[in-house]
Amino acid sequence: MISFAPLSVPLERRLQTLAAVQWLFSFLVLGIVCTIVFIGLFFTRFWFLGILYSAWWYLDRDTPRKGGRQIQTVKRWRIWKYLADYFPISLIKTAELDPSQNYIAGFHPHGVLAAGAFTNFCTEGTGFSSAFPGIRSHLMMLTLWFRIPIFRDYIMSGGLVTSEKECVSYLLSKKRGGNLLVVIVGGSQEALDARPGSYTLLLRNRKGFIKLALLHGAALVPIFSFGENELFDQIDNPQGSWLRWIQEKLQKIMGISLPLFHGRGIFQYNFGLLPYRHQITTVVGKPIKVEQNMNPSQEEVDCLHQRYMTELCNLFEAHKVKYDVPPEQHLEFR
């Protein structure tokens, strides 16, 4: 039986739902729309706008890998507060971050659409700048998305940057410090495991961000986002299944994964693509100090990686009961 939303839903909740629709549209459809509009311009009397944008695009081609172009006005849009309240999402600080230092933060888990990572670190919906004064957050995203006209400018305005090593070096080499580079370590591949009750992280062999921290002497910050995997249901795709095989093949070819997920609808709660209203609590752990090493050995990388995994586990264990995780549940790495 379909459960419809009542007509008496308060305006505030309707605005929250609208914000969630806008966020979902942005990351599922907007890139396609921007591409169609850009190409379509050349077949209209406004073709010169397409020429002008193409020139701008060429001149601005290196910006995504050189820190992006954050626009604080965009990050403070009221709609992001409504988006944060939809779930709701909250940001928990467990330690101070020194604005004179640079940091690499590992965000776990990816979830289906990384709602917590985007809302906390690309918007002011949860008050990041108030919690961490003097720190500028940057969230890494696949380079593919920065090749889409117009859409690239939109995502850069929120602090999204490319996942290229050149971008990491550019940000972490800033002597004035204050840069927090957030890496969703499990990447799009981890999204294939995102389902309610799952605590499996793709981390055991993900060591690239560890080596980069050593090369630049950037402190490592573990982040765990409780509730991230509870937002959508996903069609069963266990390891070894034909569906998982197809998804992993497509992920290798395209660079992005295609989880088959569903949630709720706009006017009913049984089916649709909107995320469920489930609390997300993103806990930022204590920084792990890292001494700069321009030529780290594999043993040094492995040692720091193991310490990072230990600190992430400690962070999870210290907070899990508060956020409705069963006491017997532990993180699993693969």
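The values are calculated or read from the model by the stated rules, or taken from the named source; none is laboratory data. Everything quoted here is computed from the prediction, not taken from an experiment. Cβ atoms come from the backbone with ideal geometry, glycine included; neighbour counts cover every protein chain shown. With ligands, DNA and RNA removed, areas are computed over all heavy atoms of the protein, side chains included. Shrake-Rupley method; radii C 1.70, N 1.55, O 1.52, S 1.80 Å.
Listed by chain and number, the aspartates and glutamates placed with their C-alpha closer than 15 angstrom to that of residue 320 are 228, 230, 311, 328, 332; residues fewer than eight positions away on the same chain are left out. A straight chain from residue 150 to residue 71 at 0.36 nm per residue would run longer than the Cα-Cα distance by 26.9 nm. Across 144, 160, 172, mean-square fluctuation computed from a Gaussian network of the chain (C-alpha pairs under 10 Å connected) peaks at 144.
What number comes out for accessible area per residue over segment 11-333 if the probe is 1.4 Å? Units Å², please. Provide the component values of the computation, followed by the final result.
Numbers: 15220 Å² over 323 residues.
Roughly 47 Å² per residue, with all protein chains present.
Could you look at segment 204-288 and say what percent of its accessible area is carbon and sulfur, using a 1.4 Å probe and all protein chains? Carbon and sulfur atoms account for 64 percent of the accessible area of segment 204-288. Backbone amide hydrogens, once placed in the peptide plane, bring residue 160 within less than 5 Å of 139, excluding anything fewer than 5 places away on its chain.
Anyone know which of 224, 43, 121 comes out most mobile in the 10 Å Cα GNM of the chain? Looking only at 224, 43, 121, the biggest GNM fluctuation is shown by 43.
What is the chain's relative contact order, in percent, from Cα pairs under 8 angstrom and six or more apart in sequence?
Details: 599 pairs, mean separation 75.9, N = 334.
Normalised by residue count, the contact order of the chain is 23 percent.
Measuring spread by the Cα atoms of segment 164-283 yields a radius of gyration and Dmax of 17.4, 52 Å.
Highest mean first, how do 210-221, 106-117, 19-30 rank when packing is the count of other Cβ atoms within 10 Å averaged over residues? Present the calculation step by step, with values, prior to reporting the outcome.
Working: 210-221: 21.5, 106-117: 25.9, 19-30: 16.5.
Output ranking for 210-221, 106-117, 19-30: 106-117, 210-221, 19-30.
When 174, 252 are compared by accessible surface with a 1.4 Å probe, the order from highest to lowest is 252, 174. Taking the inverse of the mean 1/r over every pair of distinct Cα atoms in segment 1-98 gives a Kirkwood hydrodynamic radius of 17.6 Å. Karplus-based coupling profile of segment 100-107, in residue order and whole Hz: 8, 10, 9, 9, 10, 10, x, 9, with θ = phi - 60° in 6.51 cos²θ - 1.76 cosθ + 1.60 and x standing for Gly or Pro. Shown in residue order for segment 222-233 are the 3J(HN,Hα) couplings computed by the Karplus curve 6.51 cos²θ - 1.76 cosθ + 1.60 at θ = phi - 60°: x, 10, 10, 10, 5, x, 4, 8, 9, 7, 9, 8 Hz (x for Gly and Pro). Rounded to the nearest angstrom and listed largest first, the equivalent-ellipsoid semi-axes of segment 152-195 from its Cα gyration tensor are 24, 14, 10.
Close amide-amide hydrogen proximity is noted between residue 219 and 102, 104, 290, each under 5 Å apart and 5 or more residues distant or on a separate chain (H modeled in the peptide plane; Pro and chain starts excluded). Within the same chain, lysines fewer than 8 places from residue 207 are excluded, and of the rest, those with a Cα less than 18 Å from its Cα are 165, 289.
Heavy-atom accessible surface of residue 36, to the nearest 10 Å², is about 110 Å², with a 1.4 Å probe and all protein chains retained.
For segment 83-195, compute Rg over Rh where Rg is the Cα radius of gyration and Rh is the Kirkwood radius from the inverse mean 1/r over Cα pairs. List each step's numbers first, then the result.
Numbers: Rg = 14.0 Å, Rh = 14.8 Å.
Rounded to two decimals, Rg/Rh equals 0.95.
Take the Cα of residue 241, step 7 Å toward its Cβ, do the same at residue 130, and the gap between the two points is 4.2 nm.
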